[in-house]
Amino acid sequence: MEPYLSTPVHAAEAGAVQASEALFATLYRDLRGLARRELARVGPGAALGATSLLHEAYLNLAERESMAFPDRARFFGYAARVMRGLVIDGLRRRHAQKRGGGLEITSLDGKEVGAEALASQAEEMERLGRALDELAALEPELAQVVDLKFFCGFTFAEIASHRGVTERTVQRHWDKARIYLRRNLGAELPA
Amino acid sequence: MTPESWQRASPHLDRLLEFSSIERRRYLQHLLTEDSALVADLEGLLDEGRQLQGERFLEQDAQELLGAPATERRVFGAYELEQLLGEGGMGSVWLGQRRDGHFEGRAAVKLLSAALLGPSGITRFRREATILARLQHPHIAQLLDAGVSPAGQPFLVLEFVEGEPIDQWCDRRSLDLRARLSLFLEVASAVAHAHSNLVVHADLKPSNVMVSREGRVKLLDFGIAKLLEGDARDGGPSALTLEAGRAFTPSFAAPEQITGGNVSTATDVYGLGSLLYLLLVGRYPTEGLAGTPRELLQAVLETEPDRPSEAVHSPRAEEREQSAEIARRRGTTPERLRRALRGDLDTIVAKALKKKPEERYGSVAALAEDVSRYLEQKPILARPDSFPYKARKFARRHLRSLAALATLALALVAVAGFYGARLRRERARADRVSSFLTELLSQADPFVAGQGEPTVKSLLAAGAARVRKDLAGEPEFRRDMLTLLGRIYERRGDSGAAVPLLEDAVGLARKTLGPSPELAQGLNDLGVALGQRAELEAARTALEEALTLRQRFLGLEDPLVGVTESELGRTFLDQGRLEEAEAHFRAALAIRRKALGSAHHETATSMSDLGLLLRQKGDRAAAEALLREALQVNRAVAGPRHPDTGTALANLALTVSERGDLKAAESMFREALAISQASLGRDHPDNAVRMSNLAFVLRQRGKLAEAEALCRQGLALARPALGPDHPAVSRQEVGLARVYLDQGRAEAAEPLLRHALEIQAASYVRTDWRRGAAFSLLGDALTRERRFAEAEALLEQASELLHVLPDPDAFQTREALANRARLAALYRAWGRPEKAAPYLPLR
């Protein structure tokens, strides 16, 4: 049991930075645990299925502290931010392993991805992450849509139903967020 | 961009993104007087937005970067992408390989730019694609599949054509004019066939007209230009759709495509004229008249092309060499080629290439007729007009291009009028027949009389025999009677008797009427009856044909189109194809709300259909709202004891039980069962569904004895009525097996589950989660029987099929989590706790 969970959620609601970090850490640990377990089950190279991981993390948390969670929309907001961290960390680790000759990675077109490509991918993602942090300071819901869609693979319909808004609204947030990011990342666009 | 300037721009950007480009311009102009720096920022941002449309910025899933296998992203329908064939403005084309080892292995998969479609276009895209998929002709590359992938990527799967563009094919073989014209006639026959199905191509150019190695013409991309047009909601094409890239090729475009007038069959006549010109003289009609794209567009609008006979015989010395080459490729000399073209072929090409659509050939068939006449050395029908001797540059300003659409509009009105009159005549006849029969048989229909009557059966049988025996000489009357009897049987739940009658009716309609509203009606009824009998593929085929016919004859918003959309949705639902089902249900509901109003029982049926589907997809809140609305409408319109009210009640109870309010669900299910027993008679198979619903809730409430009794009763009712291998029977069996497992009677559950799995293998799609549930339950049963290895295989199979959905209370989510628990239980019982660990809830 992790009885402190309810506290960070509510404190994070109130905007306390430290509490928010505690929540972040808890979620991060949970999600990594789930991801490892999933990999152990289906073997390496399998799709991580970010959406189902998140759902399961939610179910786990809700089960542990059923009264503590304000609502699912907020949960997914935090969790998606965490997932972004996981993806970027994952890329960074991959890069490190690749340099050490540990792992082979296959890209979309089936060609092996070189260490250089990986390094630049990781860098791009980090830049994207920083830009998203800036955007989150201005318009958090825009950054969240990117986290949920790009980093977690949720569909517009799912995001809309989490938030209780129309798909059209999510679509507009998505368009707007991409405009912001494209503007601020300039020529260095990830895929 | 600084945070401050973004914050200033943001609220304006929200508005601008919802505007059309004209509205945007106006808004920005207005703002300009107040704050020019802000306007500059906004223009920059909008520009970013425009550039995003052609890119895939952030559209790929970040998970892919982590090396997750790309296969699921590379699978579209039954096809997996193998190799990129080409890329263009509309998207990319891939060579696809069928994944299920089907012998027609390869296909071309087109991934269309989602930006061209827009979020509202997806339903329309699917509907249009369904129509295109029915377009079958030996010279048209068949559309095999179309859809939108889970990642939101619209795609088309087309017959893969290996070959080369028609002009290259002809040139490489130095085909003479006769051979070229014969090939051209193949092209024209394909286009004419499409036109008779009300599909235009609108982008006829050599790269879309391929010739296979065997020398057969194949047209690609039929109807796709139309598929990609935006919503027709705002009338004419807006500047925005132009920005998004209208799908045509300037060198081959008709004037009305450039001015944004309506595209019609006349557009394809022009396209064929351009193609013919190219085949005859080796260049496009407008080639050499223009340098810049703008000049090219202007030339298409204003400049009469050279006559073919002039085009191959240039007086200019520097072009003589080229003329000689062109003639050589046609197995002749420039002078002979000029003479062959002069006269009839000049006239034919000129008439096809008229700037005004109404001055062109009235149809592709008419153009083909003249080409055939030329080949047979008969006089052609087109009259040579005052075709200008030299190109008249800027001679006529083309102001009235919009008048172009008159041709197609008039043709459509004429067609509709013709069938309208016929429909009225037929309807009067059908009314007479049905009133006669209805009088005779009215007590047969439980929905009319309120109660079933045993004597009805014999009456119906006598009626059916009489129709088959006595009415052979009156096909139309006979067809009406067959239809009516079939429908009555079907409504009584005896689809076995209904199907042969309705098949006869369809056969008669096909023979005596051909494509017609009557045939559509027959196909619709047949599809419904086939669906009842779980012959789902046959049902789908019949219903899709019915839908196409009804849309064609009645327009897109007729209530009857709603009926077929609705039935088609149910068929897809039964097949577990939720996406297609949703599209059809939404279409049906939209049509009915508009045509019939919300307080109508058919509208309520559509609400229920969509509600149930959304429930299955995990959107329970939306589902419950729709189902409540449906119940209210049914209570008000049909009355509290009507079978439809019972159905609505049961549907709502299902979501209520899923939400966890079992007590409320139990009383609603009881009421629904009582209604259906009272109104349909105690033997109606629909009662079995109510019984299993009620049993499901009772089991969860621990009332196992009553649950077991109800399940057994339901099975006893369903098996003889539906046949032992009906999917509904498998659901009953799974329900009873669950009760047995709760009672600790694994050996009783096992045979039920095995039989259920057999039925499901035959009727559900391979990935249906309900199969996963049955696998999982069987695995559980075998664990309890201590047959661990078998149990492990089954539970693993189950975990492939069961997924955790966004809704933690959804049946599938619960089953997926239960499957994990069953795996953990298996390994513990097996004495392998270390393998159990991954399946235990995370602590």
Roll a 1.4 Å probe over the protein chains and send me the accessible area per residue for region B:567-702 in Å².
36
Excluding A:A136 itself, what net charge comes from residues whose Cβ is under 10 Å from its Cβ, given Lys and Arg +1 and Asp and Glu -1?
-4
Give the carbon-plus-sulfur fraction of the accessible surface of region B:778-834 in %, rounded to a whole number; probe 1.4 Å, heavy atoms of protein chains only.
51
Ordering of B:259-268, A:163-172 by packing [mean C-beta count within 10 Å, highest first]
B:259-268, A:163-172
Apply the Karplus parameterisation 6.51 cos²θ - 1.76 cosθ + 1.60, with θ equal to phi minus 60°, to every residue of region B:197-209 and state each ³J(HN,Hα) to the nearest whole Hz, in sequence, with x for glycine and proline.
9, 6, 10, 9, 8, 6, 8, 7, 8, x, 6, 9, 10
How would B:V211, B:V93 line up by accessible area, probe 1.4 Å, largest first?
B:V93, B:V211
Calc'd 3J(HN,Hα), region B:579-588, phi into Karplus 6.51 cos²θ - 1.76 cosθ + 1.60 (θ = phi - 60°), Hz, glycine/Pro = x, comes to 5, 5, 4, 4, 4, 5, 5, 5, 4, 4
If you take each beta carbon of peptide A:134-146 and count the beta carbons of other chains within 10 angstrom, what is the mean?
1
Within a Cβ distance under 10 Å of B:A829, other residues only, what is the Lys/Arg minus Asp/Glu net charge?
+4
For the pair B:D47 and B:L596, how long in nm is the line joining their label points, each one 7 Å along Cα→Cβ?
5.4
Once amide hydrogens are built 1.01 Å from N within the peptide plane, the residues lying 5 or more places from B:D145 or on another chain with amide H under 5 Å from its amide H are B:V157
Residue mean of other protein chain beta carbons inside 10 Å, A:172-184
6
Could you report region B:727-843's accessible area per residue, 1.4 Å probe, as an integer in Å²?
41
Rounded to the nearest 100 Å², what is the sum over both chains of accessible area buried where B meets A, with a probe of 1.4 Å?
5000
Given the pairs A:K149/B:K110; B:K110/B:K218; B:K205/B:K351, which span a C-alpha to C-alpha distance of over 20 angstrom in this model?
A:K149/B:K110
Report the far tail of the P(r) of region B:499-601, meaning the percent of Cα-Cα pairs longer than 25 Å.
17
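The values are calculated or read from the model by the stated rules, or taken from the named source; none is laboratory data. Everything numeric in this text was worked out from a predicted model, so none of it was measured. All Cβ positions, even for glycine, are placed from backbone atoms using ideal geometry, and neighbour counts span all protein chains on display. These area figures cover heavy atoms from the full protein model, side chains too; ligands, DNA and RNA do not enter into them. Shrake-Rupley method; radii C 1.70, N 1.55, O 1.52, S 1.80 Å.
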